[in-house]
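A.B. asks: Dropping a structure here in structure tokens format, bear with me for questions.
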Amino acid sequence: MDSANKVVGSTVSSSNKPNWKLKSVVIAALTLLTSSQSILIVWSKRAGKYEYSVTTANFSVEALKCALSLAALFRIWKTEGVNENNRLSTSFDEVSVYPIPAALYLIKNLLQYYIFAYVDAPAYQILKNLNIITTGVLYRLILKRKLSQFQWTAFFFLFAGCTTTQLNSSSDHVLQTSLPGWLMAVVMALLSGFAGVYTEAIIKKRPSRNINVQNFWLYIFGMLFNIIAIFIQDFDAVVNNGFFHGYTFITVCMILNHALSGIAVSMVMKFADNIVKVYATSVAMLLTGIVSVFLFGFNISLAFFLGTTVVSVSVYQYYIGSSAKLQAMSAQIRTERV
């Protein structure tokens, strides 16, 4: 019990003394990457459609993330040497669990290109917060984690906020986003939530394993599945026009953005905390809306502003509920020790 108390105490003391400069850089990077993600996808279109192959773009993202993981491993091998926890060699039992989340991420990542036929960049930025609900519910069902009352209430407000942003008073349709757009958003949220929970379960099954090794194998399977997607969907186009046909500077920026976003989230987990993700998400929603005004002529309505505010508060409430639960556990440990 003393050791558990020391762990909690060390965690609290370390979080109370953050490197504010590094934390500020992480916040700025995550906010910029998050807000520009949907903007770059929409901006990469030409005359309302993608001139490049979305499957090759998705493959390029996975390949870049795999390269970044390898680069991080080379740095670790150079400083710490190769050991059992950071070597790439593995067993079939360990590597056989990665195809499932890799396949889920493939479908989710490809859907995010097609959802923009039904939603604009600001709406997408709002609706993708639905994955908080699916992730929370799946945590409860799969990992048996209990959610606080604050978190369950946050789910209600989150859904209400997402709906409010889509209210349309200027036409006969109640919502701006059509049914296919909502269905795609829900499917993406389910895929993202299940893949995230499954991946976390894999990582925590062997916590001593270096995260870059685990990411490497996840991205390897992601590349393999993307190759299959290229053969199924864009084989003729790639053979006739080339792998990088239709790529522009914006397309390259979009690929870099998607790859670096994963690195930024890892940096948040290592050098900051969950509240950073809350602020980054909230600010990103507003930034996406403001930038879309100038780039795409987006109109920030009262419904969008109020809905964004409700979503921001609900996201904050969800993570506050999680923090409150952690503090309660810490208090229980201290009480049991006494």
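A.B. asks: Per residue, how much accessible area does the range 63-140 have with a 1.4 Å probe, in Å²? Write out the running numbers ahead of the final one.
C.D. replies: Details: 3650 Å² over 78 residues.
For the range 63-140, the solvent-accessible area averages 47 Å² per residue.
A.B. asks: Suppose R0 equals 25 Å; then what is the FRET efficiency for VAL137 and ILE107 from their Cβ-Cβ distance, rounded to the nearest 0.05?
C.D. replies: On the way: r = 19 Å, r/R0 = 0.77.
The formula returns an efficiency of 0.85 here.
A.B. asks: Another one. Need the C-alpha centroid separation for the range 178-199 versus the range 38-110, integer Å.
C.D. replies: Spelled out, the Cα-based centre of one part sits 19 Å from the other.
A.B. asks: How much length, in nm to one decimal, is gained on full extension between PHE244 and ILE203, taken as 0.36 nm per residue of separation minus their Cα-Cα distance? List each step's numbers first, then the result.
C.D. replies: Working: separation 41, 0.36 × 41 = 14.76 nm, distance 3.39 nm.
In short, 11.4 nm is gained.
A.B. asks: While we're on this one: Please report the carbon-and-sulfur percent of the accessible area for the range 40-178; probe 1.4 Å, protein heavy atoms only, DNA, RNA and ligands left out. It would help to have the intermediate numbers written out before the result.
C.D. replies: On the way: 4350 of 7100 Å².
C and S atoms contribute 61 percent here.
A.B. asks: Computed FRET efficiency, Cβ-Cβ of LYS49 and ILE227, R0 41 Å: what is it to the nearest 0.05?
C.D. replies: With R0 = 41 Å, the Cβ-Cβ based efficiency is 0.95.
A.B. asks: Now a separate question. Using Cα-only point scatterers and the Debye equation, what is log10 of I(q)/I(0) for the range 190-249 at each q in 0.22, 0.24, 0.26 Å⁻¹, rounded to two decimals?
C.D. replies: -0.91, -0.98, -1.05
A.B. asks: Quick one: of LYS78/LYS108; LYS128/LYS205; LYS49/LYS128; LYS78/LYS205; LYS65/LYS144; LYS65/LYS146, which pairs are farther than 24 Å apart, Cα to Cα? Present the calculation step by step, with values, prior to reporting the outcome.
C.D. replies: On the way: LYS78/LYS108 36 Å; LYS128/LYS205 28 Å; LYS49/LYS128 21 Å; LYS78/LYS205 27 Å; LYS65/LYS144 31 Å; LYS65/LYS146 33 Å.
Going by Cα-Cα distance, LYS78/LYS108; LYS128/LYS205; LYS78/LYS205; LYS65/LYS144; LYS65/LYS146 fall outside the 24 Å limit.
A.B. asks: Shifting gears a bit: What order do you get for 143-150, 154-161 when each peptide is scored by the mean count of other beta carbon atoms within 10 Å, highest first?
C.D. replies: Numbers: 143-150: 12.5, 154-161: 18.5.
By packing density, highest mean first, the sequence is 154-161, 143-150.
A.B. asks: Among rounded, prolate and oblate, which fits the range 98-141 when a ≥ b ≥ c are the square roots of the eigenvalues of its C-alpha gyration tensor, a/c under 1.5 means rounded, and a/b larger than b/c means prolate?
C.D. replies: Values: a/c = 3.84, a/b = 1.29, b/c = 2.97.
Judged from the Cα gyration tensor, the range 98-141 comes out oblate (a/c at least 1.5, b/c at or above a/b).
A.B. asks: Right, another one. From the square roots a ≥ b ≥ c of the eigenvalues of the alpha-carbon gyration tensor of the range 99-234, which class results: rounded (a/c under 1.5), prolate (a/b over b/c), or oblate? Display every interim value, and only then the final one.
C.D. replies: Values: a/c = 3.20, a/b = 1.32, b/c = 2.43.
Oblate, because a/c is 1.5 or more while a/b does not exceed b/c.
A.B. asks: Taking 0.36 nm per residue of sequence separation and subtracting the Cα-Cα distance, how much length would be gained by fully extending the chain between ARG87 and LEU256, in nm to one decimal? Could the numbers behind the result be given before it?
C.D. replies: Values: separation 169, 0.36 × 169 = 60.84 nm, distance 2.66 nm.
Once the chain is fully extended between ARG87 and LEU256, it gains 58.2 nm.
The values are calculated or read from the model by the stated rules, or taken from the named source; none is laboratory data. Since this is a predicted model, take the numbers as computed values, not measurements. Heads up, the Cβs are rebuilt from the backbone with ideal geometry, glycines too, and the neighbour counts pull from every protein chain shown. We work out accessible area using only protein heavy atoms, side chains counted, and drop any ligands, DNA or RNA first. Shrake-Rupley method; radii C 1.70, N 1.55, O 1.52, S 1.80 Å.
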